[in-house]
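Novice: The structure follows.
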Amino acid sequence: MFKNLFAKKYDIISIGDTVTDAFIRLKEAHLTCRLDHTACEICMKYGDKIPYDFVEVCTAVGNSANAAVSAARLGANAGLITYLGDDQNGREALEVFKKEGVGTDYVSLEKGHKTNYHYVLWYEADRTILIKHEPYDYKLPAFKEPKWIYLSSLPEHTLPYHQALAEYLKKHPKVKLAFQPGTFQIRFGANTLADLYAHTEIFFCNKEEAATITGIPTTDIKTLATALAAKGPKIVVLTDGPVGAYAYSDSKLYFIPPYPDPKPPYDRTGAGDAFSSTFTVAIMMGKSVEEALMWAPINSMSVVQQVGAQKGLLSQARLVDYLKRAPREYKVSIE
């Protein structure tokens, strides 16, 4: 049950699943891709014993959990609404959140359930994740009105939970929503989640996800961003891998290249969460779209230098220091 009797009021509350990730560093594998380096698949020998380098377990992660930790490190008063199993992994996750300064008033330890546990097949700098969501009884708790809600990945049986959140937002129109949809939220479709899209202040996804959501078979960023904005979001942010990222607001399309990596990326897990949460916190703190777009890639750059989604998350002071030392070509342009 949620312990919300004496709950605080937060600037930003993240909503979504929390998981424990077991990173399995693969040695013997290879990739098969199309000639244009898309639709890549990881391949290993079938029915064989496959050596691996090591396993590293990361507790208290997941899109929304990562966003909450990111916001707290950046100095925001951040809380989290999530479910954990009443097991060792759940208790460890709870301690991580407390240590990171994330409010746990709405973190529920569910008796009789395990904490979500994912296996991450990590090869070179990227990963393939084997996921399994536990069947928690999702019910939106009563919580004090925050300035922002950050919504991300939830499992496929949570449509009523999303509808309850949409009703909450109708009753609390001052609350702003940042929406970074996960796999099942994309599968629900924009029409099914129309009320959430209509209330969204900032919407995040990558270029390929944008084509899926809009149903428009194009790679033209402005076309995709315009189509997403028509569904309600005031600011649409689209990432395009190593090319960079775009923000569409007030009919303007802004572009930022990646912040230069000090060395090749070690693990790309959590780069998108770091980007989206940092952009959101910057806007929440009164930064402009251009300033937020300058902040976000820096945290992504830092995260991919280490294993997992949270080790590399920066404090605001360290992020600003990176910004001061940015090369001349690291700047926002208007397309």
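Novice: Go through the residues of the range 297-317 one by one and say whether even a single one is within 28 Å of Ala190 (Cβ to Cβ), of a type in the set (Lys, Arg) and surrounded by fewer than 23 Cβ atoms within 10 Å (Cβ to Cβ).
Specialist: no
Novice: If you go through the range 245-257, how many residues are crowded, with 16+ Cβ neighbours inside 10 Å and touching a strand residue (DSSP E or B) at 6+ places or on another chain (Cβ under 8 Å)?
Specialist: Total meeting the criteria: 9.
Novice: Find the residue count for the range 122-139, including only residues that are open to solvent by 30 Å² or more (accessible area, probe 1.4 Å) and more than 28 Å from Pro160 (Cα to Cα).
Specialist: 5
Novice: Between a residue in the range 43-63 that is touching a residue at least 40 places away in the same chain (Cβ under 8 Å) and any residue that is loosely packed, with under 15 Cβ neighbours inside 10 Å and among the acidic types (Asp, Glu), which pairs come within a Cβ distance under 9 Å, given they are 6 or more apart or on different chains?
Specialist: Filtered contacts from the range 43-63: Ala60/Glu95.
Novice: Further question: Which pairs turn up if I take residues in the range 122-145 that are over 25 Å from Val304 (Cα atoms) and look for partners that are part of a loop (DSSP other than H, G, I, E, B) and modelled with pLDDT under 90 with beta carbon separation below 7 Å, at least 6 apart in sequence or on another chain?
Specialist: As it stands, the answer is Pro141/Phe2; Pro141/Asn4; Ala142/Asn4; Phe143/Asn4; Phe143/Ala7; Lys144/Ala7; Lys144/Lys9, since those pairs meet every condition given.
Novice: Next up: In the list Ser70, Ser64, which residue meets the criterion of being among the hydroxyl-bearing types (Ser, Thr, Tyr), touching a helix residue (DSSP H, G or I) at 6+ places or on another chain (Cβ under 7 Å), part of a helix (DSSP H, G or I) and at negative phi?
Specialist: That would be Ser70, the only listed residue that is among the hydroxyl-bearing types (Ser, Thr, Tyr), touching a helix residue (DSSP H, G or I) at 6+ places or on another chain (Cβ under 7 Å), part of a helix (DSSP H, G or I) and at negative phi.
Novice: Same structure again: Determine whether the range 80-102 contains at least one residue that is crowded, with 23+ Cβ neighbours inside 10 Å, within 19 Å of Thr200 (Cα to Cα) and out of contact with any Pro (no Cβ under 8 Å at 6 or more places or on another chain).
Specialist: yes
Novice: How many residues are part of a helix (DSSP H, G or I) and at negative phi when one looks only at the range 226-255?
Specialist: Total satisfying the criteria: 6.
Novice: Let me ask you something else. Collect the residues in the range 187-213 that are farther than 18 Å from Asp250 by Cα, part of a helix (DSSP H, G or I) and open to solvent by 30 Å² or more (accessible area, probe 1.4 Å), keeping them in residue-number order.
Specialist: Across the range 187-213, the qualifying residues are Arg187, Phe188, Ala194, Asp195, Lys207, Glu208, Glu209, Thr212.
Novice: Being farther than 30 Å from Ala93 by Cβ and surrounded by 10 or more Cβ atoms within 10 Å (Cβ to Cβ) is true for just one of Leu31, Leu26. Which residue is that?
Specialist: The conditions single out Leu31.
Novice: Inside the range 249-262, can you point out the residues that are over 19 Å from the mean Cα position of the chain (by Cα) and either among the hydroxyl-bearing types (Ser, Thr, Tyr) or closer than 11 Å to Asn206 by Cα (or both)?
Specialist: Those that are over 19 Å from the mean Cα position of the chain (by Cα) and either among the hydroxyl-bearing types (Ser, Thr, Tyr) or closer than 11 Å to Asn206 by Cα (or both): Ser249, Ser251, Tyr254.
Novice: Only one of these is out of contact with any helix residue (DSSP H, G or I) (no Cβ under 9 Å at 6 or more places or on another chain), of a type in the set (Lys, Arg) and within 16 Å of Tyr248 (Cα to Cα): Lys222, Lys231. Name it.
Specialist: When all the criteria are applied, what remains is Lys222.
Novice: Another question about this same structure. Return yes when Leu5 is open to solvent by 60 Å² or more (accessible area, probe 1.4 Å), in a strand (DSSP E or B) and at pLDDT below 90 and no when it is not.
Specialist: no
Novice: Pick from the range 11-52 the residues that are of a type in the set (S, T, N, Q) and assigned to a strand (DSSP E or B): which of them is farthest from the chain's Cα centre (by Cα)?
Specialist: Only one residue tops the list, namely Thr32.
Novice: Next question, about the same structure. Restricting the search to the range 112-171, which residues are in a strand (DSSP E or B), within 27 Å of Met284 (Cβ to Cβ) and among the aromatic types (Phe, Trp, Tyr)?
Specialist: Result: Trp148, Tyr150.
Novice: Now for a separate question. Taking the conditions exactly as written (surrounded by 20 or more Cβ atoms within 10 Å (Cβ to Cβ), closer than 24 Å to Glu329 by Cβ and touching a residue at least 40 places away in the same chain (Cβ under 8 Å)), does Phe179 satisfy them or not?
Specialist: The answer is no for Phe179.
Novice: Provide a single number: the residues in the range 252-270 that are at pLDDT below 95 and either basic (Lys, Arg) or under 26 Å from Lys231 (Cα atoms) (or both).
Specialist: Residues that pass the stated criteria total 2.
Novice: Of the residues that make up the range 261-270, is at least one touching a helix residue (DSSP H, G or I) at 6+ places or on another chain (Cβ under 7 Å), open to solvent by 20 Å² or more (accessible area, probe 1.4 Å) and either among the acidic types (Asp, Glu) or under 18 Å from Leu323 (Cβ atoms) (or both)?
Specialist: Yes, some residue in the range 261-270 is touching a helix residue (DSSP H, G or I) at 6+ places or on another chain (Cβ under 7 Å), open to solvent by 20 Å² or more (accessible area, probe 1.4 Å) and either among the acidic types (Asp, Glu) or under 18 Å from Leu323 (Cβ atoms) (or both).
The values are calculated or read from the model by the stated rules, or taken from the named source; none is laboratory data. Here the structure is a predicted model, which is why all the values come from computation and not from measurement. Note that each Cβ is placed from the backbone with ideal geometry, even for glycine, and that neighbours are counted across all protein chains shown. In case anyone asks, the SASA skips ligands and DNA or RNA and just uses the protein heavy atoms, side chains included. Shrake-Rupley method; radii C 1.70, N 1.55, O 1.52, S 1.80 Å.
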